[in-house]
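Below you'll find the structure, written out as structure tokens, and then a few comments.
The values are calculated or read from the model by the stated rules, or taken from the named source; none is laboratory data. Because the structure is a prediction, the values reported are computed rather than measured. Glycine gets a Cβ as well: all are built from the backbone with ideal geometry, and neighbour counts include every protein chain shown.
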Amino acid sequence: MHNDDINIAIAEYCGWHPHPDNDKREQKFWTLGGTGYGLPNGVAKPVAAIPYIFDDIRGDIGGLPNYCNDLNAMHEAEKFLEGGYNWNKYTDILGKLCHYKPNIHNLRSFANIIVSASAKQRAEAFLKTIGKWEE
């Protein structure tokens with residue numbers, strides 16, 4: 001998968017939607033929450049877009065979080081998996097991506113391996129966990 005595809009798949013799982021006022025050829029604006037026209041608390045559609053849209057004047061394209069290269073963004077995404085089966089599945093997959101070998105490494109090594117995983121490795125493990133990874 002390309003980085004853009006990875007970022008979009010994770011963002012959509014975390015509640016981001018393409019903004020309905022997008023140019024049909026390019027999804028430049030996104031909203032977080034709701035159905036694309038604003039947040040659940042009733043924020044107006046121009047203000048809900050990332051970046052903001054004011055009277056059809058669009059500023060710099062901020063776009064979605066860069067999950068492939070930003071550990072902080074991946075940390076926020078990981079919160080959607082915490083607790084239960086998905087979290088255990090995620091850490092197992094992440095361990096395999098980071099070359100953890102249970103017959104060689106101990107539990108302390110596993111923790112060190114997981115903590116030092118890159119954003120890209122975390123993004124891949126995330127998508128494999130939720131069944132959205134494409135080879």
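Looking for something within 18 Å of Ser118 (Cα to Cα), acidic (Asp, Glu) and at pLDDT below 90 - is there at least one such residue anywhere in region 86-95?
Yes; the residues of region 86-95 include at least one that is within 18 Å of Ser118 (Cα to Cα), acidic (Asp, Glu) and at pLDDT below 90.
Only one residue in Phe54, Phe110 is of a type in the set (Phe, Trp, Tyr), assigned by TED's automatic domain parsing to the domain that holds Gly15 and at pLDDT below 80, so which one is that?
Working: Phe110 fails: assigned by TED's automatic domain parsing to the domain that holds Gly15.
After ruling out the rest, the residue left standing is Phe54.
State all residues of region 61-84 that are modelled with pLDDT under 85 and part of a helix (DSSP H, G or I); if no residue qualifies, say none. Write out each step before concluding.
Let us first name the residues in region 61-84 that are modelled with pLDDT under 85, namely 61-64, 82-84.
The one that is modelled with pLDDT under 85 and part of a helix (DSSP H, G or I): Gly84.
Can you name the residue in region 1-28 that is among the polar types (S, T, N, Q) and surrounded by fewer than 16 Cβ atoms within 10 Å (Cβ to Cβ) and, of all such residues, is modelled with the highest pLDDT?
Result: Asn3.
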